[in-house]
């Protein structure tokens, strides 16, 4: 568990424009980078010119679940016939 002092600085972005169902976000410290994000992931009322604070945090539980699903799928695809899991059925 991280404390307030250990939390990474948020990424501050500017909503440059909204195109259909996407918001184009530009980090305030790097105008050469653009992020496109579906509006459904943003708070209600966001519009062009809004500023957002983004935080990224590790998701170890979700990562472990994804790894387990991938391992299971690899075993299903190789039918346990290939110990190195390199030959997949298509």
Out of the residues in the range 1-20 that are outside any strand (DSSP E or B) and surrounded by 10 or more Cβ atoms within 10 Å (Cβ to Cβ), state the one that is modelled with the highest pLDDT. 10
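Need a quick list: strands (runs of 3 or more DSSP E) entirely within the range 21-81 having at least 2 residues that are in contact (Cβ under 8 Å) with a residue 40 or more places away in the chain. Even if it seems obvious, please write down each step before you answer.
Working: elements: 22-27, 35-38, 51-54.
Fully inside the range 21-81 and qualifying: 51-54.
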Of all residues in the range 50-74, which are surrounded by 10 or more Cβ atoms within 10 Å (Cβ to Cβ) and under 20 Å from residue 10 (Cβ atoms)? 50, 51, 52, 54, 59
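The values are calculated or read from the model by the stated rules, or taken from the named source; none is laboratory data. Remember, it's a predicted structure, so these values are computed and weren't measured experimentally. For neighbour counting, all protein chains shown are included, and Cβ atoms are generated from backbone atoms with ideal geometry for every residue, glycine included.
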